[in-house]
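**Q** Submitted below is the structure of interest, expressed as structure tokens.
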Amino acid sequence: MIAPVFFSLRPKQWIKNLILFAALMFSEKGLLFELPAWLYAFAGFLIFCGLSGSVYLLNDIADVEKDRLHPQKAKRPIAAGELSLTEGKAALIIILLVCLTAAYNLSQLFFSMALAYFMLNLAYSFKLKNMVILDVMCIATGFVLRATAGVGALKALEPTIYISHWLILSTMMLAMFLGLAKRRQEIATYQEEAVMHRNILAQYSLSFIDQMTSILAAMAIVTYSFYTVSSDTIAKFGSDKLVYTVPMVLYGILRYLYLIHIQDKGENPSEVVMNDRPLQINLVIWAVAVVIIIHFSKSGWFNF
């Protein structure tokens, strides 16, 4: 039973929860170099892996009959009969209780974000996933809640830590962009059969999605750019050099558009990131640049 439950939690999708570590990266308090901060952040990461996994498990229970019609989803433990519905429900309750209890003991903000995340996904699974545009906005909001939870995980060490509104908006725009790109590839891949796998796809078209992804890609770049040059960001980090990371964000989004439109990828954003080497290299360069600019510019290591 353990192995089917574990695979039902979608460990490959846990890469999405790495956004919780963004609070460490963008902290001006030097928490990036403190072991307790990493432990708190990692605890938050594990809790959200359990929470997000419980949501996947819930979806598998609710959509078992529909999943059996999908060439890939039919291989999931519940759809394949490797895990019974009773066992799945029991595992869901246990995992959820453990995660929420741990979240409560981390911080009030973290618990609020964790509870909001699960409730949002509950609403998404049973109602909002069938409402056009709102379905993608729910997915994007989940990423915003994760990012804010990352701040909440560090509240016990640094009560004054916060997240910029510009960064929240940028996260929202990027997540919506990725969510719509996923919808696009599902339509392009399965065409007439796409609606059988996800009912809401009947409300979308490739041209409609292409218009929205173009808008969201531009907004993600603009909001991140505003974040890097805002007076609050410059005062917080004591440096105006973060703007030099904008070209990396631009390349990453344009590269993703290339993979969608030219390489016909994008149905699974996590797999795209894990398998595309240029995207991985760009992400690493961006992360290193952000850390150097934020955490070493004040010491004179990065002055020009």
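The values are calculated or read from the model by the stated rules, or taken from the named source; none is laboratory data. Since this is a predicted model, take the numbers as computed values, not measurements. A quick note on method: Cβ atoms are made from the backbone with ideal geometry, for glycine too, and the neighbour counts reach across all protein chains shown.
**Q** Working only within segment 113-124, note down all residues that are closer than 24 Å to residue 213 by Cβ and either assigned by TED's automatic domain parsing to the domain that holds residue 180 or surrounded by fewer than 21 Cβ atoms within 10 Å (Cβ to Cβ) (or both).
**A** Residue satisfying the conditions is 120 alone.
**Q** Can you name the helices (runs of 4 or more DSSP H) wholly within segment 185-277 that have at least 1 residues being more than 22 Å from residue 72 (Cβ to Cβ) and over 18 Å from the mean Cα position of the chain (by Cα)?
**A** Once the helices (runs of 4 or more DSSP H) in segment 185-277 are filtered for at least 1 residues that are more than 22 Å from residue 72 (Cβ to Cβ) and over 18 Å from the mean Cα position of the chain (by Cα), what remains is 206-229, 231-237, 246-261.
**Q** I'd like to check something: does segment 229-244 contain any residue that is of a type in the set (Val, Ile, Thr), in contact (Cβ under 8 Å) with a residue 12 or more places away in the chain and more than 19 Å from residue 286 (Cβ to Cβ)?
**A** Scanning segment 229-244, I find no residue that is of a type in the set (Val, Ile, Thr), in contact (Cβ under 8 Å) with a residue 12 or more places away in the chain and more than 19 Å from residue 286 (Cβ to Cβ), so the answer is no.
**Q** So, in segment 272-297, of the ones that are β-branched (Val, Ile, Thr) and touching a residue at least 12 places away in the same chain (Cβ under 8 Å), which residue ends up nearest to residue 245 (Cα to Cα)?
**A** 290
**Q** Moving on to the next point. Is there a residue in segment 252-269 that is surrounded by fewer than 19 Cβ atoms within 10 Å (Cβ to Cβ), modelled with pLDDT of 90 or more and of a type in the set (Asp, Glu)?
**A** no
**Q** Given the criteria under 24 Å from residue 1 (Cα atoms) and in the same structural domain as residue 127 (by TED's automatic domain parsing), does residue 44 qualify?
**A** No; evaluated as a whole, the condition is false for this residue.
**Q** Sticking with this one: Among the residues of segment 24-55 satisfying the criterion of being of a type outside the set (Gly, Ala, Ser), surrounded by fewer than 19 Cβ atoms within 10 Å (Cβ to Cβ) and within 20 Å of the chain's Cα centre (by Cα), which is modelled with the lowest pLDDT?
**A** So the residue we want is 25.
**Q** Has segment 156-172 got any residue that is of a type in the set (A, V, I, L, M), within 17 Å of residue 113 (Cβ to Cβ) and either buried (at least 24 other Cβ atoms within 10 Å of the Cβ) or touching a Cys at 6+ places or on another chain (Cβ under 6 Å) (or both)?
**A** No, segment 156-172 has no match at all.
**Q** Same structure again: Restricting to segment 46-65, what's the tally of residues that are charged (D, E, K, R) and in a helix (DSSP H, G or I)?
**A** Qualifying residue count for the region: 2.
**Q** For the list (1) over 28 Å from residue 190 (Cα atoms); (2) in a helix (DSSP H, G or I); (3) more than 16 Å from the chain's Cα centre (by Cα); (4) not acidic (Asp, Glu), I need the number of the one condition that residue 162 fails.
**A** With (1) over 28 Å from residue 190 (Cα atoms); (2) in a helix (DSSP H, G or I); (3) more than 16 Å from the chain's Cα centre (by Cα); (4) not acidic (Asp, Glu) applied to residue 162, the lone miss is (2).
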